[in-house]
Amino acid sequence: MVSLPKPEVILTHESDLDGLLSGLLLRRLARALFDVDVPLQAYHNHNWRQRGLAEKSAWVCDLTFEPRLDKPNWVIIDHHTTEFAPKNAQLVHAMDKSAGLLCYELCQQHELGTTKLDRLVHLNNVADLFLEDDPDFLLANDYANLVKTYQFWNLETLIQGDPERLLDHPLLKVMEVKRRIEDPLGFAWSKSNITELSPAVGLVNTIVGNTNQIVHQLLEQHAAPFPVLITLFRRGNGMILASLRSRNGEALKVAEKLQGGGHANASGATLPRSIQNIPDAIAYLRQVLNPGHVKVSPLNNLESLFDAIEMAKK
């Protein structure tokens, strides 16, 4: 049984169901062990890298282990690829399990498992690891799409921080209808609207449907001539996010060029704040992904140019 220090904060990934479920499970575990409600904070990759780490103790889940997290009384529960071995922190790591499953196993060690959580954690594991052969694959992706559609904190508030409330939630009927009706329409449109960013990377323009499912289908059917496909999203705060998918491990390599991270075939990155619209994002991505071909004309300000030049150096 892992001995856990009392955390000042629980830190998790904001972009998906795995980050939400992991954070909620760790918050429940902290409450059971220490009789305290530990603050939960969630970050996208870019904002996470900008965050200071002043706390003397913390639990971190679904965020890649890196040297700056190697601190006494810090616990990292994660499943992403890492090149570092901890010297001070505790690392709970397995690449064949979702972060949610790793956190749930810690909960089970302290008799916090339930039948509902068994089911929810299984569905999250299928969705996050993209286990296509699992009979629950389509349903699991409906669950994952809840966070993509309604956003992390909106959903956390809606279920009042109780992960069991997600199981069989009425909004899943909305996801099921969207999948049946919107996804085929979106796939047909997106298949004809893919923009080349580099010889190896294509931008999938989306108009309707579950973008993850659409991109997965494009890759599976070899419907695009690019091994890596990117989709772009604008957050409410104006930031533009890039989601990258592949089938042979290339997505993570491209994401790292954008200062992002994730899994080998499913990664993400947040573009610099200077990128304010999709046309600028396309120009920026082309510059970063085609080193040695930086041009001033596609960008509308010097800050964007400097961002592109710096990224092209890395």
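Below is a table of values for the structure above.
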quantity: Per-region count, segment 150-161, residues part of a helix (DSSP H, G or I), modelled with pLDDT of 95 or more and open to solvent by 30 Å² or more (accessible area, probe 1.4 Å); calculated: 4
quantity: Residue selected from segment 83-98 under the condition modelled with pLDDT under 95 and either touching a Pro at 6+ places or on another chain (Cβ under 9 Å) or over 18 Å from D18 (Cα atoms) (or both), by the criterion most open to solvent (accessible area, probe 1.4 Å); calculated: E83
quantity: Boolean, L53 is part of a loop (DSSP other than H, G, I, E, B), over 16 Å from the mean Cα position of the chain (by Cα) and aliphatic (A, V, I, L, M); calculated: yes
quantity: Conditions (1) outside any loop (DSSP other than H, G, I, E, B); (2) closer than 25 Å to N210 by Cβ; (3) not basic (K, R); number of the one not met by L63; calculated: (1)
quantity: Subset tally (residues that are among the polar types (S, T, N, Q) and without any contact (Cβ under 8 Å) to a residue 60 or more places away in the chain) for segment 75-85; calculated: 1
quantity: Residues within segment 175-200 that are open to solvent by 60 Å² or more (accessible area, probe 1.4 Å), within 15 Å of L218 (Cα to Cα) and β-branched (V, I, T), tallied; calculated: 0
quantity: For S243: the one exception among (1) over 16 Å from the mean Cα position of the chain (by Cα); (2) among the hydroxyl-bearing types (S, T, Y); (3) within 21 Å of W153 (Cβ to Cβ); calculated: (1)
quantity: Residue ID - modelled with the lowest pLDDT, chosen from residues in segment 249-296 that are under 16 Å from the mean Cα position of the chain (by Cα) and open to solvent by 60 Å² or more (accessible area, probe 1.4 Å); calculated: Q259
quantity: Of all residues in segment 162-174 being in a helix (DSSP H, G or I) and either of a type in the set (D, E, K, R) or closer than 30 Å to R286 by Cβ (or both), the one that is most open to solvent (accessible area, probe 1.4 Å); calculated: K173
quantity: Pick from segment 98-127, criterion touching an Asp or Glu at 6+ places or on another chain (Cβ under 8 Å) and not in a helix (DSSP H, G or I), ranking: farthest from H79 (Cα to Cα); calculated: T114
quantity: Residue count, segment 237-248 (criterion: within 19 Å of P279 (Cα to Cα) and either free of Cβ contacts under 8 Å to residues at least 24 places away in the same chain or open to solvent by 90 Å² or more (accessible area, probe 1.4 Å) (or both)); calculated: 1
quantity: Qualifying positions in segment 201-212 - surrounded by fewer than 21 Cβ atoms within 10 Å (Cβ to Cβ), under 29 Å from D133 (Cβ atoms) and modelled with pLDDT under 95; calculated: T206, V208, N212
quantity: Selection within segment 159-183 - without any contact (Cβ under 8 Å) to a residue 12 or more places away in the chain and under 19 Å from S22 (Cβ atoms); calculated: I159, Q160, R165
quantity: Residue under evaluation V228, criteria (1) at pLDDT below 95; (2) within 25 Å of M95 (Cα to Cα), criterion not met; calculated: (1)
quantity: Hits in segment 221-235 - residues which are open to solvent by 90 Å² or more (accessible area, probe 1.4 Å) and not in a strand (DSSP E or B); calculated: Q221, H222, P225
quantity: Segment 16-27 residues that are within 17 Å of A140 (Cβ to Cβ), paired with ones that are among the basic types (K, R) (beta carbon under 9 Å, 6 or more apart); calculated: D16/K148; L17/K148
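Results for (1) in contact with a Phe, Trp or Tyr (Cβ under 9 Å, 6 or more places away or on another chain); (2) surrounded by 14 or more Cβ atoms within 10 Å (Cβ to Cβ); (3) among the β-branched types (V, I, T), shown as yes or no for each residue.
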position	(1), (2), (3)
S15	yes, yes, no
D37	no, no, no
H46	no, yes, no
D62	no, yes, no
R68	no, no, no
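Residue-wise test of (1) open to solvent by 70 Å² or more (accessible area, probe 1.4 Å); (2) without any contact (Cβ under 8 Å) to a residue 24 or more places away in the chain; (3) under 20 Å from the mean Cα position of the chain (by Cα).
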{"position": "N73", "(1), (2), (3)": "yes, no, no"}
{"position": "C107", "(1), (2), (3)": "no, no, no"}
{"position": "L123", "(1), (2), (3)": "no, yes, yes"}
{"position": "P135", "(1), (2), (3)": "yes, yes, no"}
{"position": "K148", "(1), (2), (3)": "yes, no, yes"}
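The values are calculated or read from the model by the stated rules, or taken from the named source; none is laboratory data. Remember, predicted model here, so these are calculated numbers, not experimental data. Every residue, glycine as well, gets a Cβ built from its backbone with ideal geometry; the counts of neighbours run over all protein chains shown. Surface accessibility is based on the protein's heavy atoms, side chains included, excluding ligands, DNA and RNA. Shrake-Rupley method; radii C 1.70, N 1.55, O 1.52, S 1.80 Å.
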